[in-house]
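Data block below; observations after.
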Amino acid sequence: MTTLTRALWVVGDVHGELSKLQGLLHGAGLVDEAGFWVGGVNVLVSVGDLVDRGPDGVGVVEYLMRLEHEAAAAGGRVYVLLGNHEPLLIGAYTFGSEWRDVRGRSFLERWRLNRGQTSDLQRLQPRHLEWLRKRPGVVRLGPYLFLHADTDAYLRYGRDLQSVNVALWNTLGSNDPIVLDALVRDLSERGVFMEEGGSSRALTMLATYGGERLVHGHTPISYVLSVEPQLVHSPLLYAEGTCLNVDGGLAYHRSAGFLVRLGKSGIDKIVKPKLDRTVGRPS
């Protein structure tokens, strides 16, 4: 396993909050006032769920697509993981109301129930879909294993990083709605590592894919702690130190959410939203 040699930043579920994402990245010194990458060789990880709930999911997709290229040109990296809302959006776009699950719900209906934004569906283009279908499900950087959901369902798709990611890509490219539905359901599982024996299941994930600590989003920390989202100011370490939840509920309150810099042994820095300033929207 490699060690950390560059600054490593991670942001939880963005859910269409483009302006807040830009503000957090600017506060960390990763982008300039106009929203362009100035982070040099820094590394940024987004744990998925870019769309739905917030006002501009497609804007978040386009922005991270661009930052991916800008960071790479500067010697840095931007990793954007697959969440459960991305395949749900793909299902709504691809199958609409043509197919229904065992509960009689179409992809479009389920997407709307999850606060899918009509403007996102209208603005979605083939280039967005192509990019979304190639998002990795799991990424290991130094001692950290990054994934979206707090579940071990990833083990159903492969026993090493390459295998599981290729399996997810193939599933996202499938023309079979049943296959896509199974993926949405798998990535929608949550709370596995908080259950009895959860730390053991987390350790199995780490033994399979490598790393010393799981870092995930998907389940807002405010839900776990039964507090208001604006009262969550830092990630949640749990399951005997094997798991770190970074979903600060960015889309659930105007002051909620954060960006975290991870070091070799844990959290080095936390950046919170600044409500008195706006970073310019990129062209």
Residues being in contact (Cβ under 8 Å) with a residue 60 or more places away in the chain, surrounded by fewer than 23 Cβ atoms within 10 Å (Cβ to Cβ) and in contact with a Gly (Cβ under 9 Å, 6 or more places away or on another chain) - total across segment 76-109:
2
Residue by residue through segment 259-273, note down the ones that are at pLDDT 95 or above and either among the basic types (Lys, Arg) or buried (at least 24 other Cβ atoms within 10 Å of the Cβ) (or both).
Leu259, Val260, Arg261, Leu262, Lys269, Lys272
Among the residues of segment 35-68, the number that are aliphatic (A, V, I, L, M) and closer than 20 Å to Leu275 by Cβ is 1
Pick from segment 213-234 the residues that are touching a helix residue (DSSP H, G or I) at 6+ places or on another chain (Cβ under 7 Å) and part of a loop (DSSP other than H, G, I, E, B): which of them is farthest from Asn114 (Cα to Cα)?
Val232
List pairs: first residue in segment 232-249 and more than 17 Å from Lys272 (Cβ to Cβ), second residue part of a loop (DSSP other than H, G, I, E, B) and among the charged types (D, E, K, R) anywhere in the structure, Cβ distance under 8 angstrom, at least six positions apart or on different chains.
Cys243/Asp150
Check off (1) more than 18 Å from Phe95 (Cα to Cα); (2) among the acidic types (Asp, Glu); (3) crowded, with 19+ Cβ neighbours inside 10 Å for Glu189 and give me the number that stays unchecked.
(3)
Tell me, which residue of segment 235-258 that is assigned to a loop (DSSP other than H, G, I, E, B) and of a type in the set (Phe, Trp, Tyr) is surrounded by the most Cβ atoms within 10 Å (Cβ to Cβ)?
Phe258
Yes or no: segment 109-119 includes at least one residue that is over 23 Å from Ala251 (Cα atoms), modelled with pLDDT of 95 or more and over 17 Å from the mean Cα position of the chain (by Cα).
no
With the structure loaded, tell me whether Val47 is within 19 Å of the chain's Cα centre (by Cα) and closer than 16 Å to Arg77 by Cα or whether it fails that test.
yes
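Name the single residue that is surrounded by the fewest Cβ atoms within 10 Å (Cβ to Cβ) among those in segment 40-75 being in a loop (DSSP other than H, G, I, E, B) and touching a Phe, Trp or Tyr at 6+ places or on another chain (Cβ under 7 Å). Talk me through it step by step, then tell me what you get.
First pass over segment 40-75, keeping only residues in a loop (DSSP other than H, G, I, E, B): 40-42, 47-56, 74-75.
Of the ones still in play, those that are also touching a Phe, Trp or Tyr at 6+ places or on another chain (Cβ under 7 Å) are 42, 47, 74.
On the way: Asn42: 21, Val47: 27, Ala74: 14.
My answer is Ala74.
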Residues located in segment 225-247, provided they are β-branched (Val, Ile, Thr) and more than 18 Å from Val14 (Cα to Cα):
Val227, Thr242
What number of residues in segment 14-43 are closer than 25 Å to Gln230 by Cα and of a type in the set (S, T, N, Q)?
2
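Among the candidates Ser199, Ser174, which residue alone is more than 20 Å from the chain's Cα centre (by Cα), of a type outside the set (Phe, Trp, Tyr) and over 23 Å from Ala92 (Cβ atoms)? Before the answer, list the steps.
Values: Ser174 fails: over 23 Å from Ala92 (Cβ atoms).
That would be Ser199, the only listed residue that is more than 20 Å from the chain's Cα centre (by Cα), of a type outside the set (Phe, Trp, Tyr) and over 23 Å from Ala92 (Cβ atoms).
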Kindly indicate whether any position in segment 16-39 is closer than 21 Å to Gly263 by Cα, in a loop (DSSP other than H, G, I, E, B) and in contact with a Leu (Cβ under 6 Å, 6 or more places away or on another chain).
yes
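Could you please let me know if Asp120 is in contact (Cβ under 8 Å) with a residue 12 or more places away in the chain and over 24 Å from Leu262 (Cα atoms)? Full working, then the answer.
Numbers: in contact (Cβ under 8 Å) with a residue 12 or more places away in the chain: yes; over 24 Å from Leu262 (Cα atoms): yes.
Judged against the criteria, Asp120 is a match.
The values are calculated or read from the model by the stated rules, or taken from the named source; none is laboratory data. Just so you know, these numbers come straight off a predicted model, no measurement behind them. Glycine gets a Cβ as well: all are built from the backbone with ideal geometry, and neighbour counts include every protein chain shown.
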